[in-house]
Every structure is written in C-alpha cells, then in structure tokens.
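Here is the structure we will look at.
Coordinate-derived values only; no laboratory data. Note that the structure is predicted; figures quoted are calculated from it, not measured. Every residue, glycine among them, receives a Cβ derived from its backbone with ideal geometry; neighbour counts consider all protein chains shown.
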Amino acid sequence: MNPIHNFVNSGIVPPEVLRAARAISVMKKWEQVVGKEMAARSWPERYDHGTVWVAVVGSAWAQELRMQKDEILARLNTIANEPTLFVNARFGVRPLKKAVINTEPEREEDEFKTLTIREIAERRMREWHKDDELKE
C-alpha cells in the first residue's frame with residue numbers, strides 16, 4: 001500500500017479537493033473569525049469552489065454577517081494563509097449543525113441572548129482590535 005502523500009503528490013487527488021480540505025480546516029476556526037457572539041448564531045456549513053455557505057439562526061443576524069462579508073473573507077484567507085481560498089460567502093437562515101465539525105466544547109449561550117446586534121458588533125470590533133494589537 002502507498003502512503004496517502006504519494007497519491008496527493010502524483011496528482012490523483014484533484015486540486016479542488018485539496019482546496020476544500022484546507023478550507024474546512026479554516027472553517028473550524030469560525031469563532032476566531034466572527035467572534036463568540038456571532039459564532040453562537042452562525043456556522044459555516046460547506047465550502048464549494050471558493051464559496052463558504054454559512055447557516056444563520058435569523059434574518060437579522062444573516063444581514064449583519066452580509067454587511068461584514070469582506071472582513072470575514074479577509075479573516076478566513078488570513079487564517080488560511082492563502083489570499084484566494086475564500087472568494088465569496090453566502091449566508092442563509094437555517095438550523096445550525098455545529099456538531100458536524102465543531103471541536104470545541106459547547107458553551108453557555110444565555111448571556112448572548114439578551115444582547116442587541118449593535119452590542120455584539122461592538123464586542124466583536126473590540127476583540128478584533130485587541131487581536132490586531134497583539135499581532136503588532
């Protein structure tokens with residue numbers, strides 16, 4: 001039997017399959033991309049040819065994510081260290097299926113239920129600025 005890397009190196013695995021595998025590993029870091037509050041209400045379901053499909057619990061939350069789409073794509077590509085891995089994001093109201101790829105333990109969401117979209121956005125911006133300061 002040949003090790004898997006022989007198949008990958010020989011070109012048997014299509015490049016898009018490898019891109020999808022890299023994308024899925026980045027999508028597992030969704031909380032790091034959008035922050036705790038937004039991650040409690042959304043989850044990336046799938047990746048298809050550069051597009052990440054995200055399930056969101058409500059239309060207001062989906063709209064909030066749509067307004068942050070460029071920033072979200074930039075963060076995903078930064079984490080992937082590949083500037084063109086994620087080129088589009090689609091947000092739809094659907095039940096969340098976090099258990100499929102979520103590796104972190106479940107956390108209490110009650111504290112987030114009373115926050116407004118504005119409060120969540122402000123918290124997320126503070127977290128992002130804090131992350132940027134740590135990088136410098």
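For the range 23-38, which positions are within 11 Å of Arg75 (Cβ to Cβ) and either free of Cβ contacts under 8 Å to residues at least 12 places away in the same chain or of a type in the set (Val, Ile, Thr) (or both)?
Answer for the range 23-38, where residues must be within 11 Å of Arg75 (Cβ to Cβ) and either free of Cβ contacts under 8 Å to residues at least 12 places away in the same chain or of a type in the set (Val, Ile, Thr) (or both): Val26, Val33, Val34.
So is Trp61 under 20 Å from Ala121 (Cα atoms) and either among the aromatic types (Phe, Trp, Tyr) or crowded, with 16+ Cβ neighbours inside 10 Å (or both) or not?
yes
Under the condition of being assigned to a strand (DSSP E or B) and of a type in the set (S, T, N, Q), which residue from the range 32-58 is surrounded by the fewest Cβ atoms within 10 Å (Cβ to Cβ)?
Among them, the one singled out is Thr51.
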